[in-house]
1. Output needed for the stretch 68-135: three equivalent-ellipsoid semi-axes, defined as square roots of 5 times the C-alpha gyration tensor eigenvalues, in descending order, whole Å.
2. Using only the alpha carbon atoms of the chain, find the Kirkwood hydrodynamic radius as the inverse mean reciprocal pair distance, in angstroms to one decimal.
3. Solvent-accessible area per residue for the chain at a 1.4 Å probe radius, Å²?
4. Take the chain, connect every pair of alpha-carbon atoms lying under 10 Å apart with a spring to form a Gaussian network, then pick out the residue of Phe91, Phe15, Phe57 with the largest mean-square fluctuation.
5. Okay, which of the stretch 1-21 sit inside 18 Å, backbone N to the point 7 Å along the Cα-Cβ direction of Val65?
6. Might you report the magnitude of the Cβ-based charge dipole of the chain about its Cα centre, with Lys and Arg at +1 and Asp and Glu at -1, to the nearest 20 debye?
7. Using 1/(1 + (r/R0)^6) with R0 = 25 angstrom and r between the beta carbons of Lys72 and Thr6, what's the FRET efficiency to the nearest 0.05?
8. Run the numbers for Ser87 and Met118: contour at 0.36 nm per residue of separation, minus the present Cα-Cα distance, in nm.
Amino acid sequence: MSDRPTFETREEVMFFDTDCGGVVHNIAYLRMIETCRTRLAALMGMKLLEMASTHLFPVLTRTEVDYKRPAKLGDWIVIRGRLAELSRARFICEFELVRESDGLLLVTARQGLALVQMPEGKPARLPAEWLEQWG
């Protein structure tokens, strides 16, 4: 078993991420997490174009978010994601969002996912290689 995949990215808080007071909306954090998770999935072998051709997609089944501190307009946020757990049919990714300027933890999140074959909507087992490599 090797180390589980991780991915780190960063984003600047834009006007569209904030309310009239310049504080980040809760949904904006989820967009940042989604970007990080998509890139993490690519490291795990689920590249966007391949998923589009195989019609096998990771589907979000659960999201838990803890909002610790607010980010504001112009902040740079570092988003760290990692594969935390996996079973034969589901996997869990965890995320931390940290303000780059002071290192303060802003948000933690945990997401459960399952692979689904589309258009049938049929759940699929995780690739055997995942369990061998990261199980």
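The values are calculated or read from the model by the stated rules, or taken from the named source; none is laboratory data. Predicted model only: the values in this text are computed from it and were never measured. Reconstructed Cβ throughout: ideal geometry from the backbone, glycine too, with neighbour counts over all protein chains shown. We work out accessible area using only protein heavy atoms, side chains counted, and drop any ligands, DNA or RNA first. Shrake-Rupley method; radii C 1.70, N 1.55, O 1.52, S 1.80 Å.
1. Over the Cα atoms of the stretch 68-135, the ellipsoid semi-axes are 32, 14, 9 Å.
2. With all distinct Cα pairs of the chain included, I get 15.8 Å.
3. About 59 Å² of surface per residue is accessible.
4. Most flexible of the set in this elastic network: Phe15.
5. 9-21
6. Approximately 340 debye in magnitude.
7. 0.40
8. Between Ser87 and Met118, full extension yields an extra 9.1 nm.
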